[in-house]
Amino acid sequence: MTALARRAGPVLLLLLLWQLAATATGGQFLLAGPAEVAAWLSDNPGLVGRALSVTLASAAWGFLAGNLAAILLVAAAMLWPPVLGLLTGLALIVFCLPLIATGPILRVMMGPGDGPQVVLAALAVYYTTLIPLLAGLRAVPSAWIDLVACLGRGHLAQLVHVRARAALPYLVAGMQIAAPAAFLGAMVGEFTGAERGMGVLTVRFIRDLNTAALWSLASIAALVSIAVYLGVGAAGRFLRLERPPVILAPPRLPQGSAGRRLGRAVLLAGATLVLWWGGMEALGLNPFFAKRPPDLFAALFLAPDAGATWQALLQAAAQTAVFVLPGYLAGLALGTGLAVALSLVPALSGLVTPLAIALRSVPVVTTAPLVVLLLGQGALGTIALVALMVFFPTFVACQHGLQQAPGQILDILRSHGAGRVPQMRHVRLPAMLPAFFASARMGVPAAILAVTVVEWLATGRGLGNLMTLSASLSDYTMLWLTVVLVTLASVLCHGGVAWIERRVLRLYAPEQVEG
Amino acid sequence: MTFDRMNRRDFLGATAGLAASAGLRAQAAWAQVPVALQLSWLHSVQFAGSYIALDRGWWREAGLEVSLLQGGPNAPVEPPVVAGNALVGISAADYAAAAVAQGAPFRIIGVAMQKNPFVIASLADNPIASPADLPGKRIGMAVSNTPVLQALCSLNGVDIAAVQIVPTQYSAQPLVAGQVDGLLCWETDLPVAMAIQGIEAHTMLMADHGYALQSQTYVATVDSLATRRKELVALMAGEARGWDACRADTDAAAELTVRMFPDAGMDLPTQQLQARRQVPLMFSDLTDAHGFGWWTDETVEENIRILSLLGRTVTRDLWDRSILEDVHAG
Amino acid sequence: MPDSASLSITCAGLTKIHDNGVAAVDALDLRFEAGRTTALIGPSGCGKSTLLRLVAGLDRPTTGTVGIAGLPPVQQARRGVISMAFQDPSLLPWLTLRKNVALARKLARQPADPRLVDELIALVGLEGFQETRPAALSGGMRQRAAIARALATRPQVLLLDEPFGAVDELTRRQLARDLPPLWQPLGTTTLLVTHSVDEAVLLADRIVVLSPRPARVVADLPVPLPHPRLPQLTETPAFRRIAARALQALAQGVGDNPALAAQ
């Protein structure tokens, strides 16, 4: 009974604050409180139920397909290790493709139906499964591998008897992070011309100025995401899976000489070009919208208006960078800060953690216009949304990392009478670093997704706007150029974070970098 | 020409031949030709004429199996037509011209919105009644629509530098909350939403002030015009008949729309009001004289002039009236 | 399937230089007779474990060769005749004790033999813990489980890398009495790496004393004591004499090394 009260208390408090905020902003068509949401939902249960089932089905298929793809890719890389670097590189590139641009392209390729929704959901999840899975498969003590080897068995036996099961907790942890993303992917997919679903209704209600309906959809989407997040976690506990030490391990790229690293980058770029160009030729995609690498090269270097193209691209990129950088850093700081604060004052955890999950779970496509409405068209709204997207994974990962502090070292500190703060500074923070960097890396594409969605749906600036504008004006060359630019920027920033990560971890957690 | 389209046409030819040789001409099911019409936005009475034609079986009688492909905020409209996934697409004259500039072999074969639906919406206590009221006002719009306002200003001798453009998302909320004095939007969407919420807006129709750009135009490829005339005529005939029926009873058209798409989240009063506001934009003396979708050389000249204000250079070849001539001759 | 023929092990000019440039084993010539137990003792980090890994085929020599009955270790490993117990018991945490032990047979592609598995578990003193997971066992118990796993394939070549490090003194003596009779009838060739001179004398037929890195043979001592060797044997003069000679060789090996002497 008291346990129930302790859990219900924070939720009730949140509902109360929400209702107060809604009442205070009444008449502005900004915010509908829980009372209005409940009323609207009870009036339209069938409509919401059908839309939810459609979107959930797309998200579920995408979740399944994305995770399956991740598992197969990883299994292939385990059985044939030389392709590992290339596979993870390609996987990162595909993950960094901006959903806003891939959506319409998928729609043209796949025609009417659920195709784009499912594919976008799959694209949104597979990387957050792939990386933990890879970490799990490789986080196996070398003695286990020796055991298999001295009994005369190879990669396959390693995979079947040792690595697969050892990676299971990592797989579940990755799926837990991925689940809300699948829902988001399915909703963005619906914007490309789906007949029904939560995304379709969202667009409708924004235009109809139907605030109660809009917040009802956002609430439902948040509840579903929270339920899935908690559900996957519960499944892990039910299977009695141990929690993995670091969910998103750093990429253990072989160092090698500068020449070899350059060689790998060239190989990756070459493979990307071959897949892009060859894929389009193989599928016979119409060159009106499916631009090939030479088209883009011509637009950038040969066309008479190349200068204007460069200017448009760089101007949009600059507008985007101004928002995405502060938002990204704010999200990292907020996530880390909150995790540290909760570790110092554990009593707050019961209140803050559900709020954090709720905030993160509301799909950005529903919240983007609302947050910008609330915080204005200026920098604040955009930065806040980017921060929101980065904040939650950072918070979860850092909280987890803080718990990884070696107990024996903490005992030594305690035996010297050190309090919480010195313990934090000397032991817990260094122990948290690998998790922090892992989420900082994964936060790069998430931040870019958030900023382009806000630019598209709300502020009408930057690369997100350039993408939708070029699509509506049939300027597919420009659309593909922005895709390349956004992807390249994501991959490079990801690489930059990984570079810093390796240097810092070499100092604080050498066991994470070696091998 | 894509591989996909080649295949489909060969397949259709083959089945038609098979049907004829087997003496199955009477069985309409065999003769149905599947064609797709790519809509430019989510389902609503904006496309009610198509729903009526579909619902009453007029296309089926003409041997067409029509599927209506919904648009959306991130939906491609022109590419399915170029790629042959859709026979006809609905795209405004400026977007069609932009696609042509990018190499799309498009022709405009019909004009649904005779009057451009763009308005400047304002609140009744601070109305913007004519372009002369614009200077000093804050106008909310998608940044991408700036050329539209620019064209309006130059058509009416207003200095656009005196107008404060506020980038907003496409929602009435900034106007209702007083963040802007006016909104650049369609007569048939945001003002309707405001009216339904009990906020009466004043709308200044840009078409009444020289912005004569055709909207909701039907586009098809040159290739289709050469090889699929029969289907094009049948499709456009259904559209014309459907829209005439919609004009005759807008409430019934709205009811049909809501009934056909129960999952689309539409409400009847909104759709009824939208239909009532939309029909006057679609019919004129010209259409009364010549039929739905019509245009004349004068309107083409006017559109070429507006398009050049928007930075688009097009020739008269962009318009092809031959399909409509067949539709309204028969 | 292991055959009944015993396998001898020959190291010829065996050299292993690690990636960081450190020579762990340098031009070692050694032959381990078939069916005999040899203890390798030497100071920490002298390359004993590296030698064992080379014999198991887990590492490749920089130069020189290892032959098991004339074949490279990797080939013999594929036949499932090699078994190894590591310093770290490295049991799979998600498997019960019984399944951990049985896993070795599965990996070596041998038919399941539940009776043998249970016998071995009983022999290492873990009867009643068959269904327990490793996390619930003490360090010593886990090491004993690892020994049972190493024996479960009835190996022709048994490589034990400090297998009793975490086992308490009493149990260690008991195991020293009980384990050799298990592998002796199989004709198993056993290499035992250990720090403990007493353990070496108790278990082995021969003691090879190695110098600090890179490993070189300092002394090669036979252990002509009868089996089974009961714990009381450690008090006998014969035992103490061999142990004293081994200890002396160990000290001499350290003294010989200029690097260590300078320290």
*Check off (1) in a strand (DSSP E or B); (2) away from chain A (no Cβ under 14 Å) for B:ILE90 and give me the number that stays unchecked.*
(2)
*Counting only residues that are within 11 Å of another protein chain (Cβ to nearest Cβ) and β-branched (Val, Ile, Thr), how many does the stretch B:150-173 have?*
3
*Is it the case that the stretch C:42-63 has a residue that's out of contact with any Lys or Arg (no Cβ under 6 Å at 6 or more places or on another chain) and over 21 Å from C:VAL193 (Cα atoms)?*
yes
*For A:VAL451, indicate whether it is under 19 Å from the mean Cα position of the chain (by Cα), at pLDDT 90 or above, buried (at least 24 other Cβ atoms within 10 Å of the Cβ) and not in a loop (DSSP other than H, G, I, E, B).*
no
*Being in contact (Cβ under 8 Å) with a residue 60 or more places away in the chain, part of a helix (DSSP H, G or I), within 11 Å of chain B (Cβ to nearest Cβ) and not β-branched (Val, Ile, Thr) is the filter here, so list the residues in the stretch A:465-503 that pass it.*
A:ASN465, A:LEU466, A:MET467, A:ALA471, A:TYR476, A:MET478, A:LEU479
*With respect to C:LEU92, is the statement that it is in contact (Cβ under 8 Å) with a residue 12 or more places away in the chain and in a helix (DSSP H, G or I) true?*
no
*A:GLY33: of a type outside the set (Phe, Trp, Tyr) and either touching a Phe, Trp or Tyr at 6+ places or on another chain (Cβ under 9 Å) or within 14 Å of chain B (Cβ to nearest Cβ) (or both), yes or no?*
yes
_Candidates A:ALA143, A:ALA179, filtered to the one that is within 19 Å of A:PRO393 (Cβ to Cβ), in contact with a Phe, Trp or Tyr (Cβ under 7 Å, 6 or more places away or on another chain) and at pLDDT below 85_ = A:ALA179
*Pick out, from the stretch B:217-330, the helices (runs of 4 or more DSSP H) lying fully within it that include 1 or more residues that are without any contact (Cβ under 8 Å) to a residue 60 or more places away in the chain and either over 24 Å from B:THR188 (Cα atoms) or touching a His at 6+ places or on another chain (Cβ under 8 Å) (or both).*
B:222-227, B:229-248, B:285-290, B:297-309, B:322-329
*Considering each of B:GLY198, B:GLY291, B:GLY265, B:GLY210 in turn, give the residue that is surrounded by fewer than 20 Cβ atoms within 10 Å (Cβ to Cβ) and within 14 Å of chain A (Cβ to nearest Cβ).*
B:GLY198
*Is there any pair linking a residue in the stretch A:35-56 that is in contact (Cβ under 8 Å) with a residue 40 or more places away in the chain and within 28 Å of A:ALA181 (Cβ to Cβ) to one that is of a type in the set (A, V, I, L, M, F, W, C) and part of a helix (DSSP H, G or I), with Cβ under 6 Å and at least six apart or on different chains, and which?*
A:VAL37/A:TRP215; A:TRP40/A:ALA212; A:TRP40/A:ALA213; A:ALA51/A:MET198; A:ALA51/A:LEU201; A:THR55/A:ALA186; A:THR55/A:MET198
_A:LEU30, sole failed condition from (1) buried (at least 17 other Cβ atoms within 10 Å of the Cβ); (2) in a helix (DSSP H, G or I); (3) out of contact with any Gly (no Cβ under 8 Å at 6 or more places or on another chain)_ = (2)
*Can you work out which of the residues in the stretch C:57-78 that are over 18 Å from C:PHE32 (Cα atoms), surrounded by 17 or more Cβ atoms within 10 Å (Cβ to Cβ) and out of contact with any Gly (no Cβ under 6 Å at 6 or more places or on another chain) is nearest to the other protein chains (Cβ to nearest Cβ)?*
C:LEU58
*Quick check: anything in the stretch A:176-195 surrounded by fewer than 24 Cβ atoms within 10 Å (Cβ to Cβ), in contact (Cβ under 8 Å) with a residue 24 or more places away in the chain and within 14 Å of another protein chain (Cβ to nearest Cβ)?*
yes
*Select, from A:LEU133, A:LEU123, A:LEU73, the only residue that is in contact with a helix residue (DSSP H, G or I) (Cβ under 6 Å, 6 or more places away or on another chain) and crowded, with 24+ Cβ neighbours inside 10 Å.*
A:LEU133
*the stretch B:174-188: number of residues that are surrounded by 24 or more Cβ atoms within 10 Å (Cβ to Cβ) and at the interface with another protein chain (Cβ under 7 Å from one of its Cβ atoms)*: 0
*Scan (1) surrounded by fewer than 17 Cβ atoms within 10 Å (Cβ to Cβ); (2) of a type outside the set (Gly, Ala, Ser); (3) in contact with a Gly (Cβ under 8 Å, 6 or more places away or on another chain) for the single condition B:ILE139 breaks and write down its number.*
(1)
*Within the stretch A:427-434, is there a residue that is outside any helix (DSSP H, G or I) and not hydrophobic (A, V, I, L, M, F, W, C)?*
no
*In this structure, is C:LEU54 within 14 Å of another protein chain (Cβ to nearest Cβ), within 25 Å of C:ASP29 (Cα to Cα) and modelled with pLDDT of 90 or more?*
yes
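The values are calculated or read from the model by the stated rules, or taken from the named source; none is laboratory data. It should be emphasised that the depicted structure is a prediction, and the values quoted were computed from it without experimental measurement. Methodologically, a virtual Cβ is constructed for each residue, glycine included, from the backbone with ideal geometry; neighbour enumeration extends over all protein chains shown.
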